[in-house]
Amino acid sequence: MITPLTIVTPASEREAFEAYQGGAGSAAYYAGGTELLLLMKQGVAQHDVLIDLKGIVSLSGISRAGADRVRVGSCVKHREIERSPLLGDLLPLLPTVERHVANVRVRNAGTLGGNLCFAEPHSDMTLVTLLLDGEIGVFDGKATRTIPAGEFFVGAYETAMQPGDLLCHVDFPVPRAGTVFGYQQFRLHERPSCVVGVVLQPTKDGKGCRRAAVGEGAAGLAPRRSPAAEALLENVSWEEAAGRAAEVGRVLAEEAEPLEDLTGSEEYKRHLIDVLAQRAISETLGRREANNA
Amino acid sequence: MSSLHGFDLRMQVNGQPVELEVGYNELLIDVLRDRLGLTGTKRSCDMEVCGVCTVLVDGQMVSGCTTLAWEARGKNVETIEGLAEGDKLHPIQEAFVEHNGFQCGFCTPGMILSTKALLKEYPQPDKATIQWYLHGNICRCTGYKKIIDSVEAAAQAQAQTAGAD
Ligand SMILES: Cc1cc2nc3c(=O)[nH]c(=O)nc-3n(C[C@H](O)[C@H](O)[C@H](O)COP(=O)(O)OP(=O)(O)OC[C@H]3O[C@@H](n4cnc5c(N)ncnc54)[C@H](O)[C@@H]3O)c2cc1C
Ligand code: FES
Ligand code: FES
């Protein structure tokens, strides 16, 4: 049972931060509650004050931020991302992956910010944010600083944020037109046990790949990109990229640090990463051909 | 009257206004079952996986087991008890009866409410859409085939009524 508590409803980021400081260590930020309430029901976490963030206007909404970024507020729910025409247009990887996050009920309540702050190892959105070079805006009581996704995910349930820091939004750079992606997952349960994502940006003439993002998640403690695998796919023609899929799979699987658990041994998960990487590359190149057809 | 640990919850439940003093820590499922006697909403996994606790809040499906009653402030909550009109079953309920969409019936309130949300969003879903939308509702009896048949029949019935209007 959840122990007695109070809910407060700050109207601004600063009020939320002050409520946290006033909570003497027993306050928690509360967005969708899909992770937090599970912990509280089990008695793993106990809080006297929940700071309901959903009324803070600046944490909501999906909008363009300048010419080349899209800003997603931390309290934006998974289903809003899934159904956003703007994201479907500019960053289709996000809504495509969202369709398979958890289930409709969790997506109706859970938020992007809650997902990233919790940094559950089996999260899809942590890997996607990493692949898309998300810039995470965090309010620390004085200013809002930007933490690149590459520095944000430190470990299992561990991020670069300090206690009391408030995740405000994520800015996603809009990739150049013609950018294509692939995303493969292996699921036995509600949360995936292994995921691999690939994003390939075309050269100016469109004949090959200029920049690649390749990473895996869910198998280990935190999502990781592989610069070595990415290098294999950069500044090559599309045909060469296709020919390197097996090598990319091998490199990604070798570099990964999968953990043995009920869903498989370390060796088994390395094999999954290898296979999923190759499939993600053919999915990516298939999308390019479909776009050009 | 709100106090340190509780507040005055005003919401609509199945179209009826309800007002009661609720703890901030109380879960929606407990308020519905224990305080309002609406025991059609079930609890099983208690971790947002199985869907037997599904209720609709302003038409959106949520897990009653892991939603604070707080979230229902000013909202319209629908439970399985709200679907039939007297002895007249809702068309989705009719479809589940007609097509044997349940055996023990434990998952059924959640299945039917999820189907209601599905058909509002996708009035003519294909099989893949039904499977995708309902994958968070677990049934240990039917093997799902008859549930999908029931949902397809409910979609058809809904289309016919819409056409007749
Ligand atoms: C059954 C189930 C299946 C799932 N499957 C998947 C899946 O397939 N893929 C996937 O990616 N995810 C999955 N998830 C995770 C889901 O996406 C998260 O539960 C959800 O996004 C968390 O958001 P929330 O708003 O509910 O967070 P909350 O539970 O409200 O908060 C989570 C944590 O973050 C803190 N917090 C929240 N917002 C902020 C903020 N703005 N600033 C600072 N701290 C904050 C809270 O204090 C808390 O510690 C699953 C979850 C469940 C329960
Ligand atoms: S009891 Fe709520 S989802 Fe299973
Ligand atoms: S009918 Fe028994 S669980 Fe579905």
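The values are calculated or read from the model by the stated rules, or taken from the named source; none is laboratory data. This one's a predicted model, so the numbers in the text were calculated from it and none came from an experiment. In this analysis, Cβ positions are derived from the backbone assuming ideal geometry, glycine residues included, and neighbour counts consider all displayed protein chains. These accessible areas exclude ligands, DNA and RNA; they are computed on the full protein's heavy atoms, side chains included. Shrake-Rupley method; radii C 1.70, N 1.55, O 1.52, S 1.80 Å.
A few comments on the model shown:
- Ellipticity estimate at 222 nm from DSSP helix runs (n ≥ 4, -39,500 (n - 2.57)) divided over chain A, nearest 500: -10000 deg cm²/dmol
- Taking every DSSP bridge with both residues inside the protein assembly as shown, close to 85 percent are antiparallel.
- Accessible area ranking (1.4 Å probe, heavy atoms, ligands and nucleic acids excluded), largest first, for B:Ser3, A:Ser74: B:Ser3, A:Ser74.
- Within-12-Å neighbourhood charge of A:Thr159 [Cβ basis; K, R +1; D, E -1]: -4
- Net charge, A:Glu266 excluded, C-beta distance under 11 Å - Lys, Arg +1, Asp, Glu -1: -2
- Spin-label pair B:Arg35/A:Gln21, simplified geometry with 7 Å Cα→Cβ offset, distance in nm: 3.4
- Spacing of the two label points (7 Å from each Cα toward its C-beta) at A:Lys142 and B:His5, in nm: 3.9
- At 1.002 mPa s and 20 °C, Stokes D of segment A:6-52 from Kirkwood alpha-carbon radius, µm² per second: 199
- Applying 1/(1 + (r/R0)^6) with R0 = 60 Å to the Cβ-Cβ distance of B:Val18 and A:Glu240 gives a FRET efficiency near 0.40.
- Near-label residues of segment A:137-160 by backbone N, under 16 Å of a point 7 Å along Cα→Cβ of A:Arg14: A:139-145
- Taking every lysine pair in chain A that is 8 or more places apart or spans two chains, those with Cα atoms closer than 27 Å amount to 5.
- Comparing each chain alone with all protein chains together (probe 1.4 Å, DNA, RNA and ligands left out), the residues of segment B:18-36 losing at least 20 Å² of accessible area are B:Tyr24, B:Asn25, B:Leu27.
- The A-B contact accounts for approximately 2500 Å² of buried accessible area, totalled over both chains at a 1.4 Å probe radius.
- Contour minus Cα-Cα distance for B:Cys45 and B:Cys104 (0.36 nm per residue): 19.6 nm
- Loop-located trypsin sites (Lys or Arg not before Pro) in segment B:87-165, at most 16 other Cβ atoms within 10 Å (DSSP): B:Arg140
- Paramagnetic reach from A:Leu39 in segment A:159-181 [backbone N under 12 Å; point 7 Å along Cα→Cβ]: A:159, A:163-164
- Quotient of C-alpha Rg and 2.2 N^0.38 Å, computed over segment A:61-173: 0.98
- Chain B, helix-only ellipticity at 222 nm - DSSP H runs n ≥ 4, -39,500 (n - 2.57), divided by all residues, nearest 500: -9500 deg cm²/dmol
- Rh by Kirkwood over Cα pairs, then Stokes-Einstein D for the protein assembly as shown at 0.890 mPa s and 25 °C, µm²/s: 104
- The length gained on full extension between A:Lys54 and A:Glu247, counted as 0.36 nm times the residue separation minus their Cα-Cα distance, comes to 65.0 nm.
- The apolar share of the surface of segment B:6-82, taken as the fraction of accessible area on carbon and sulfur atoms (1.4 Å probe, ligands and nucleic acids excluded), comes to 44 percent.
- Delta accessible area of at least 50 Å² on complex formation, residues of segment B:39-86, 1.4 Å probe, chain isolated as reference: B:Glu48, B:Met61, B:Thr66, B:Leu68, B:Trp70, B:Glu71
- Overall, the accessible surface of segment A:180-288 at a probe of 1.4 angstrom is composed of carbon and sulfur to the extent of 51 percent.
- Put simply, segment A:180-288 fits an ellipsoid with semi-axes of 26, 13, 10 Å; these come from the alpha carbon gyration tensor as the roots of five times its eigenvalues, largest first.
- Accessible area expressed per residue, the protein assembly as shown, with surrounding protein chains retained (probe 1.4 Å, Å²): 44
- For segment A:175-198 and segment B:1-67, distance of Cα centres in Å: 35
- Neighbours of A:Glu13 by Cβ distance under 12 Å: Lys/Arg scored +1, Asp/Glu scored -1, total -2.
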